[in-house]
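A.B. asks: Have a look at the structure that comes next, please.
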Amino acid sequence: MARYNGSVCRLCRREGMKLFLKGERCFTDKCSIERRNYPPGVHGQARPKFSDYGNQLREKQKVRRIYSVLERQFRRVVSDAERMKGVSGENLLALLERRLDNAIYRLGFATSRNEARQLVRHGHFEVNGRKVTIPSFRLRVGEVISLSPRGKKTARIEAAIETADAGAVPAWLSLDKNAKTGQVVDQPQREQITIPIQEQLIVELYSR
């Protein structure tokens, strides 16, 4: 399955909520949800009625789009979450949160997860002093994220760091704004994920 290259604003409208896929634009009145808060298409303004399966599918699609994960990748993460101890739905979200591109976004080194993915692909970040170019790289407690020599010269990262709100960094991460580094200090907890997600619906979908 190819990666989606269309308008990401349509994805937000389809899910009926801000997925924060376009960085700073999502916080302005240009956001598509602010202007047209209904699904795209000719019948977008109708009131759709979903079955139980439809609700489960929509929840899965919403989470996939938030974290920019393809279906095959997402299925593997769900499988990993089910094999772990604890609640499968919470395990799923914790695994997605520990992706390198998500952690970079959470630390404020990028204005969106899509931008973070691109920066990782271009070799702008290191983990424990070694360059990592895989956005789905799964971080572990104690690992340190820093800028590569190339990343230190990138203006867009500098701009993101300057405007980042240190108070928005979740408790499972620590940020050293002066050194421009971040560290994983704990496992992500469910209450630290503020996006409205009903993860149990996703587990039910894959258990069919």
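None of the figures in this text is laboratory data; all of them are computed from the coordinates on show. These numbers come from a predicted model, not from an experiment. Here Cβ is always computed from backbone atoms with ideal geometry, including for glycine, and neighbour counts include all displayed protein chains.
A.B. asks: Under a Cβ-Cβ cut-off of 11 Å, what is the net charge of the residues other than Leu147 that fall near it, where Lys and Arg count +1 and Asp and Glu count -1? The partial results should precede the final answer.
C.D. replies: Working: positive: Lys131, Arg150, Lys152, Lys153, Lys180; negative: Glu126, Glu158.
After counting each charged neighbour, the total is +3.
A.B. asks: Lysine pairs, Cα distance under 15 Å, 8 or more residues apart or cross-chain: how many in the stretch 96-208?
C.D. replies: Numbers: Lys131/Lys152; Lys152/Lys177; Lys152/Lys180; Lys153/Lys180.
So the count of such lysine pairs works out to 4.
A.B. asks: Something else now. Measure out, as a whole number of angstrom, how far apart the alpha-carbon centroids of the stretch 149-183 and the stretch 49-118 sit.
C.D. replies: Here the two parts' Cα centres lie 22 Å apart.
A.B. asks: If you don't mind, another one. What span do the alpha-carbon atoms of the stretch 94-140 cover on each of the three principal axes, reported in whole Å from largest to smallest?
C.D. replies: 23, 22, 15
A.B. asks: How do 158-169, 138-149, 55-66, 98-109 rank on mean C-beta neighbours within 10 Å, highest first?
C.D. replies: With the highest mean Cβ count within 10 Å placed first, the list reads 98-109, 55-66, 138-149, 158-169.
A.B. asks: Shape of the stretch 99-184 from its Cα gyration tensor (a ≥ b ≥ c, root eigenvalues): rounded if a/c is under 1.5, otherwise prolate when a/b > b/c, or oblate?
C.D. replies: Numbers: a/c = 1.29, a/b = 1.03, b/c = 1.26.
Verdict is rounded for the stretch 99-184.
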